[in-house]
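Input: a single structure, listed below in structure tokens.
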């Protein structure tokens, strides 16, 4: 059985941790939004998918907060109904009118990008998938004609790189 912050006595958590755990108890998951800064683009990631829906956590970069939240909610509902995203594959399920690709996130990026999930799961013993979206023409970041205006909006968090990950 997975041990999480849900198992930690309430009095051992600070106020922010208590609020975080309460949201997962109430909704089954939590959406952490990180604002863009000089070091990188904005991103959202889930915490709770793995324990409550038996689905890897999800991270997505470079979207407006509300859009990313809606994407995560939709994927959570599908996961609760037994639908799983397949890693290393194209999907039509993340966005209403847009294809995306799904890649496993290398654990070497967990510390930098998944802080609250690491707190919740008490380390790195959980899977996470990155949703990667195309430019306005439907071209993905690893493809030759990708719009340079979107470069840097989605860091590659895979172990081998997106191109090699597609060959797995």
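The values are calculated or read from the model by the stated rules, or taken from the named source; none is laboratory data. Computed from a prediction, not measured in an experiment: that's the story for all the values here. Cβ atoms come from the backbone with ideal geometry, glycine included; neighbour counts cover every protein chain shown.
Figures for the structure shown
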{"read-out": "Tabulated pairs, segment 48-60, first farther than 18 Å from residue 23 by Cβ, second surrounded by fewer than 21 Cβ atoms within 10 Å (Cβ to Cβ) and at pLDDT 95 or above, C-beta under 7 angstrom, 6+ apart or interchain", "value": "56/127"}
{"read-out": "Among (1) assigned to a loop (DSSP other than H, G, I, E, B); (2) closer than 19 Å to residue 46 by Cα, the one test that residue 137 misses", "value": "(2)"}
{"read-out": "Only one of 160, 166 that is more than 22 Å from residue 50 (Cα to Cα), touching a strand residue (DSSP E or B) at 6+ places or on another chain (Cβ under 9 Å) and modelled with pLDDT under 95", "value": "166"}
{"read-out": "Single residue of segment 7-38 satisfying the filter (over 17 Å from the mean Cα position of the chain (by Cα) and in a loop (DSSP other than H, G, I, E, B)) that is farthest from residue 54 (Cα to Cα)", "value": "38"}
{"read-out": "Filtered residue count, segment 24-43, keeping only those that are surrounded by 10 or more Cβ atoms within 10 Å (Cβ to Cβ) and either under 17 Å from residue 114 (Cα atoms) or in contact (Cβ under 8 Å) with a residue 60 or more places away in the chain (or both)", "value": "12"}
{"read-out": "Filter pass, residue 67 being touching a residue at least 60 places away in the same chain (Cβ under 8 Å) and on the phi < 0 side of the Ramachandran plot", "value": "no"}
{"read-out": "Whichever residue in segment 76-87 is under 18 Å from residue 24 (Cβ atoms) and touching a residue at least 24 places away in the same chain (Cβ under 8 Å) and, among such residues, is surrounded by the fewest Cβ atoms within 10 Å (Cβ to Cβ)", "value": "80"}
